[in-house]
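Right, one structure below, let's go through it.
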Amino acid sequence: MGRTPLDRLRRICLSFPEVTERPSHGEPAWFIRGRTTFVTLSDHHHDDRLALWCAAPPGAQQAFVVSDPERFFVPPYVGHRGWLGVYLDVPVDWSELAEVVEDAYRTVAPRRLAATLDATR
């Protein structure tokens, strides 16, 4: 089992139904049914930080960023759509991050596919 942030994030993302990984804009990204991105890694791409960007339910971005701006931020390009940025170069609560990623999955996955999580988790 990998211990790097990418290894841990990959394990979380690939645990969801019908998720695949492939590069997008030069960074690892995770897609539902090969089409819809729900998480992407930002490895010093836009600044000197290691982070992820993910879809988020309505209101979540603001709540996270206001509650802990040292760990959460509004990412460029997708932040206006409510996506959430999470720094991975600070101490990470991986249980909380797994919940954030699950919320990202549920936010963009087709309803029937998201409903399969309730049956399997």
In nm, spacing of pseudo-spin labels at H80 and L14 (7 Å Cα→C-beta vector): 3.5 nm
Calculated FRET efficiency for the pair R22/S67, C-beta based, R₀ 25 Å, to 0.05: 0.20
Kirkwood estimate for region 58-121, i.e. one over the average of 1/r between Cα atoms, Å: 12.8 Å
Residue-span extension gain [T36 to D48] - 0.36 nm each, minus C-alpha spacing: 1.6 nm
Within region 1-58, trypsin sites (Lys or Arg not before Pro) in DSSP loop having at most 13 other beta-carbon neighbours inside 10 Å: R3, R33, R35
Cβ-placed point charges (K, R +1; D, E -1), dipole of region 1-92 about Cα centre in debye, nearest 20: 360 debye
Residue-wise HN-Hα coupling along region 15-26, computed from phi with Karplus coefficients 6.51, -1.76, 1.60 (Hz; x: Gly, Pro): 7, 8, x, 6, 9, 10, 10, 7, x, 9, 6, x
At q = 0.16, 0.20, 0.21 Å⁻¹, base-10 log of I(q)/I(0) for region 24-95 (Debye sum, equal scatterers on each alpha carbon): -0.54, -0.84, -0.93
Cα-based equivalent ellipsoid of the chain: semi-axis lengths in Å, sorted from largest, via gyration tensor: 21, 16, 14
Accessible-area ranking of S42, S15, S95, S24, largest first, probe 1.4 Å: S95, S15, S24, S42
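The values are calculated or read from the model by the stated rules, or taken from the named source; none is laboratory data. Worth saying up front: this structure is predicted, and the values here are computed from it rather than measured. Don't worry about glycine lacking a Cβ; one is built from the backbone with ideal geometry, like all the others, and counts go over all protein chains shown. The protein model used for the area step is the full one, side chains on, heavy atoms only, and it has no ligands, DNA or RNA in it. Shrake-Rupley method; radii C 1.70, N 1.55, O 1.52, S 1.80 Å.
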